[in-house]
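The values are calculated or read from the model by the stated rules, or taken from the named source; none is laboratory data. All values reported here derive from a predicted model rather than from experimental measurement. All Cβ positions, glycine included, derive from the backbone under ideal geometry; neighbour counts span all protein chains shown. Accessible surface is based on the protein model in full, side chains and every heavy atom, while ligands, DNA and RNA are left aside. Shrake-Rupley method; radii C 1.70, N 1.55, O 1.52, S 1.80 Å.
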Amino acid sequence: MSTIGGMRRVEGREKVTGRATYAFEYAVEGAAYGHPVQAPIARGRITTIDAEAALAVPGVLAVVSSADPPPLGSVEDPELAVFQSPQVAYHGQVVAVVVAETAEIAREAAETALRIEYQAEPHDVVLRPDHPRLYAPERVNPAFPGRTEKGDVEAGLADAAYTVDQTYTTPALHNNPMEPHAAIAAWEPDGSLTVYDSTQGATAHRDTIAAVLGLRQDQVRVISRHVGGGFGSKGTPRPHVIVAAVAARAAGRPVKVALTRQQMYDMTGYRTPTIQRVRLGADEDGRLTAIDHDAVEQSSTLKEFAEQTTTPTRVMYAAPALRTTHHLVRLDVPTPSWMRAPGECPGMFALESAMDELAEAAGIDPVELRVLNEPAAEPESGRPFSSRNLVACLREGARRFGWDRRDPRPGVRREGRWLVGTGVACSTYPAYRRPSSATAVAEDGGYVVRVAAADIGTGARTVLTQIAAEALNTSPDRVRVEIGDSDLPRASLAGGSMGTASWGTAVVRACEALLKNGGQEGRADTSEEVAAGSAFARHAFGAQFAEVRVDADTGEVRVPRLLGVFAAGRIVNPVLARSQFIGGMTMGLGMALMEESFVDPRFGDFLNHDLAQYHVAACADVQDVEAVWIDEEDPYLNPMGSKGIGEIGIVGTAAAIANAVYHATGRRVRDLPITPARLLS
Amino acid sequence: MREFEYARARDGREAVALCEPGARYLGGGTNLVDLMRLGVETPARLVDVSRLPYDRIEAAPSGGGARIGAAVRNSDLAAHPVIRRRYPMLARAVLSGGSGQVRNMATVGGNLLQRTRCPYFQDVSKPCNKRHPGDGCPAIEGDHRNLAIIGHSDACVATHPSDMAVALAALDARVHVIGPGGERVVPMPGLHRLPGAEPGRDTVLEPGELITAIELPAPPPGRSVYRKVRERASFAFALVSVAALLGVDSAGVVRHCKIALGGVAHVPWRAARAEGALLGRTAGPDAYAAAADAELALARPLPRNAYKVTLARNLIVATLTELAP
Ligand SMILES: Cc1cc2nc3c(=O)[nH]c(=O)nc-3n(C[C@H](O)[C@H](O)[C@H](O)COP(=O)(O)OP(=O)(O)OC[C@H]3O[C@@H](n4cnc5c(N)ncnc54)[C@H](O)[C@@H]3O)c2cc1C
Ligand code: SF4
């Protein structure tokens, strides 16, 4: 297949003219507003709920809480078991909802008239590497073994000419999509439910919501046509959706719930903090003799969410001995959740920082060290790679970046007040695919393709239009793609960078069926095709190069140059792909230098819970961020030959910057973010 | 957000009369309205003073000073040709604050009186002496990484967030005020107060007093600059900032010196000891280091913000060196 080209976003005009409708904006007749009330303690129980005064506030329609638990069906995710128990599992957990004629009345009544009393218990919210309740999870997300071991790690380390043994930490991080989480729940007279939601997958949300509310799947419809970002935080239904549904039932009216930015910090998930110990051993030539990577991370008391932090280490480098482990502790905190490249992103910060330290110890160029340890097959599984062009990415990046002119000595380049340095790190992300279905129908002289995909700002709608047009051998303007509605053929999530691969396969198969059936209608379900699996290890790879300047007096770090070179299969739409790559890299820059969700252990919630205090990179931080890719033909993926591109951009950026900071200053910062405070102390 | 009245005054007197107990003046609202959304401020009435006839910048003939109306928008102040020429440190300080959108709304009066960005102060679920005297100060044992190193008390370790105020403190600005008791002039520094035992009071203003204008004396001869340090390149409050003016004679002796620091104290901190240590001395990095040390001898950093002492010292030396190597 050829590259289809940089088609513009099909809904671009709608978006820039403000006509694209987001979840909260649907004009639902008779809608009331719900304000979620959150627990002010991190652990304990509710002893009293007195809603009398709140209900007496003019305009208040209903209060729902565990005082009278709304009946629910089968709830797999305890975060969604809203108002079922007086127990409080974390600070900020939703304990009630006030429904009123306006959002302001609901909030006012919730804050001033609703009386809830608590019996607080001592809480524990601090992740420590020596926590007595640490345990090794059997599985890490989504279904990997928690521990893998191959060869004799201790022997490999003992025999090594060079070793690195360091601990790296990453803080809790929040997704912070631009569009806050919001939902409208409207019950129909026949007992069915329509939910306007901001989600990464209408089908999965519909299934979960139906189960939680004890409804059949055909009784629930989730509509989510436009989504202002999610980065994983909209990958599973969050509590406010269920809150909206039970509130609407109680009020007898449709109910709109929009979380405030502050509430999002407690209720929409976050990336677990990690404490990672990496031990590397290498022989005289720099060949790895052992890799040992352990991650300590947290989950809530409600459920086990085990981030797959050390899984990229199973993929990256050849070593006769390789051990990867995870340790988890259940704290009185909200359950962590998905955030762009869960696992790979924090894990590769540690591994790729350690590789830089090894390069330094062994006196080998960091690019060459990686090339030297390129594996012939996937290190952990021994399976062949469907394609792997990491070395090509490193070489191409080095060429474009001018790496050959690099003086390896740290802390010796100064331009005025700035110390200058460069660094490199690798990226990797698995090429997943999940079953989806789609239909293609000839209509009005063109074609309509239907699939319950989600466009969370990635351009999925546009890419699917291109893919369908190519499969139908027609021009994109004769194809209309309908997505973002659970009444459409069921489809997988926009998550795990697998949207295009999963939905695209279904769309291609549906279009092929249409052509075969005489050109009128085709349908496809890829369950069998996807279940057949693959004998290959399938991953995208990349190399990121960073130039940093560190103010010698103040410790301010600026990044004048970031270059990413990726090998991610066939790039279906270069314009959209570039924005995914540089968007990921920009988020990685924020992770490196400023992002951090801070918890004061005495209170247990995230203290800096708004965008004035939780800093993401601003335009002024983003100078020259460039992403390029190398052509990769991989016949073992899917009909498009594509690998996911949504997440790999954030993988490795923080390590590239940290390595560059070391090169600039001679200071190795192993704890993110790299702030002036850290560089000066 | 609670219900409140909104009133618009035609002149300063009327505004003062409308500003009964429980009322607040409304400038651009970029801080006050945020605090109302957070439940930190719950005024019964807003008296909009953003359209009062205090929206002009009057510059005396060259060699003189300037008078800036309290309702002048931050963007207009930073862009004013006379301000940029005569008081470059002020223009730069204003330009380093907030974002373009915030500066378009924000007024000079509101900027001076904006509240601390201490995270506990902004979260009503937390105790805070500044909001509720006697509650305690969780920042002292908590997250004070960006709070004060000088002049704080056992009751409060907050910093004043304004950049503009740091430049005004260095420039010996005079703040014109009218209130129920008539008109008066408050010098800068002197408008803001240290927390002491009364952290609830940010300034020496009495309830109902309205800022009408800022008067700037003619700038002393010398070069001036404002430098602000922050981990994000824009749209972030200062970790530490410095406003500095240095006038050095032909023999290399410091004849004029004004230094103020931001991000270190409950007030824009005029570094009088540093100035004293420099005046009459030969300019140069050694003298700057000695001056910085003289000032920072006063520092009493908290466990997690000792880096600010190093930062302030380095920043003073680097900034002065930039002005007169
Ligand atoms: C996200 C964000 C980032 C920011 N970053 C910075 C920064 O880096 N540096 C910086 O310096 N500032 C920064 N600002 C602050 C901004 O500059 C202030 O919010 C602004 O200057 C306040 O001006 P205002 O006119 O909007 O005041 P308002 O919000 O209207 O009022 C603030 C206070 O002043 C009182 N007040 C207003 N006018 C008068 C008057 N004439 N007389 C007496 N009292 C009055 C009000 O009653 C209120 O108590 C930031 C703001 C935001 C929202
Ligand atoms: S430092 Fe001041 S503002 Fe912050 S919590 Fe303490 S008393 Fe409140």
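Data table
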{"quantity": "Only listed residue being at pLDDT 95 or above and in contact with an Asp or Glu (Cβ under 9 Å, 6 or more places away or on another chain), chosen from A:216, A:221", "calculated": "A:221"}
{"quantity": "Qualifying residue in region A:503-512 (condition: part of a helix (DSSP H, G or I), open to solvent by 50 Å² or more (accessible area, probe 1.4 Å) and among the aliphatic types (A, V, I, L, M))", "calculated": "no"}
{"quantity": "Residue in region A:76-99 that is under 29 Å from residue B:37 (Cα atoms), open to solvent by 70 Å² or more (accessible area, probe 1.4 Å) and of a type in the set (A, V, I, L, M) present", "calculated": "no"}
{"quantity": "In region B:155-171, residue farthest from ligand 2 (Cβ to nearest atom) [restricted to those that are crowded, with 24+ Cβ neighbours inside 10 Å and in a loop (DSSP other than H, G, I, E, B)]", "calculated": "B:171"}
{"quantity": "Subset of region B:165-178 [farther than 27 Å from residue B:133 by Cβ and out of contact with any Ser or Thr (no Cβ under 9 Å at 6 or more places or on another chain)]", "calculated": "B:172, B:173, B:174"}
{"quantity": "Test result for residue B:299, more than 16 Å from ligand 2 (Cβ to nearest atom), hydrophobic (A, V, I, L, M, F, W, C), more than 12 Å from every other protein chain (Cβ to nearest Cβ) and without any contact (Cβ under 8 Å) to a residue 40 or more places away in the chain", "calculated": "no"}
{"quantity": "Which listed residue is open to solvent by 40 Å² or more (accessible area, probe 1.4 Å), without any contact (Cβ under 8 Å) to a residue 40 or more places away in the chain and under 16 Å from residue A:293 (Cα atoms), from A:129, A:145, A:69", "calculated": "A:145"}
{"quantity": "Criterion: outside any helix (DSSP H, G or I) and over 32 Å from the mean Cα position of the chain (by Cα) - qualifying residue of A:41, A:46", "calculated": "A:46"}
{"quantity": "Selection within region B:238-251 - in contact with a strand residue (DSSP E or B) (Cβ under 7 Å, 6 or more places away or on another chain), away from chain A (no Cβ under 14 Å) and open to solvent by 10 Å² or more (accessible area, probe 1.4 Å)", "calculated": "B:248, B:249"}
{"quantity": "Looking only at region B:26-45, and only at residues there that are within 6 Å of ligand 1 (Cβ to nearest atom) and among the polar types (S, T, N, Q), the one that is nearest to residue A:111 (Cα to Cα)", "calculated": "B:31"}
{"quantity": "Strands (runs of 3 or more DSSP E) completely within region A:149-263 that count 3 or more residues being in contact (Cβ under 8 Å) with a residue 60 or more places away in the chain, open to solvent by 40 Å² or more (accessible area, probe 1.4 Å) and in contact with a Cys (Cβ under 9 Å, 6 or more places away or on another chain)", "calculated": "none"}
{"quantity": "Residue in region B:114-160 that is farthest from ligand 1 (Cβ to nearest atom), counting only those that are within 10 Å of chain A (Cβ to nearest Cβ) and in contact (Cβ under 8 Å) with a residue 60 or more places away in the chain", "calculated": "B:143"}
{"quantity": "Boolean, residue B:5 is more than 14 Å from chain A (Cβ to nearest Cβ), more than 30 Å from residue A:111 (Cα to Cα) and modelled with pLDDT of 95 or more", "calculated": "no"}
{"quantity": "Wholly within region B:1-78, strands (runs of 3 or more DSSP E) carrying at least 1 residues that are more than 19 Å from residue B:209 (Cβ to Cβ) and open to solvent by less than 20 Å² (accessible area, probe 1.4 Å)", "calculated": "B:66-69"}
{"quantity": "Options B:201, B:227: the member that is at pLDDT 95 or above and in contact with a helix residue (DSSP H, G or I) (Cβ under 6 Å, 6 or more places away or on another chain)", "calculated": "B:227"}
{"quantity": "Leading residue by the ranking (nearest to ligand 1 (Cβ to nearest atom)) among those in region B:79-98 that are within 14 Å of another protein chain (Cβ to nearest Cβ) and open to solvent by 20 Å² or more (accessible area, probe 1.4 Å)", "calculated": "B:98"}
{"quantity": "Output for region A:558-572, where each listed residue is open to solvent by 10 Å² or more (accessible area, probe 1.4 Å) and under 23 Å from residue A:412 (Cα atoms)", "calculated": "A:558, A:560, A:561, A:563"}
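Condition check ((1) more than 10 Å from chain B (Cβ to nearest Cβ); (2) surrounded by 23 or more Cβ atoms within 10 Å (Cβ to Cβ)) across all residues:
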{"residue": "A:574", "(1), (2)": "yes, no"}
{"residue": "A:581", "(1), (2)": "yes, yes"}
{"residue": "A:600", "(1), (2)": "no, no"}
{"residue": "A:611", "(1), (2)": "no, no"}
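For every residue, the table says whether it meets (1) open to solvent by less than 50 Å² (accessible area, probe 1.4 Å); (2) within 14 Å of chain A (Cβ to nearest Cβ); (3) under 30 Å from residue A:673 (Cβ atoms); (4) in contact (Cβ under 8 Å) with a residue 60 or more places away in the chain.
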{"residue": "B:236", "(1), (2), (3), (4)": "yes, yes, yes, no"}
{"residue": "B:253", "(1), (2), (3), (4)": "yes, no, no, no"}
{"residue": "B:310", "(1), (2), (3), (4)": "no, yes, yes, no"}
{"residue": "B:316", "(1), (2), (3), (4)": "yes, yes, yes, yes"}
{"residue": "B:319", "(1), (2), (3), (4)": "yes, yes, yes, yes"}
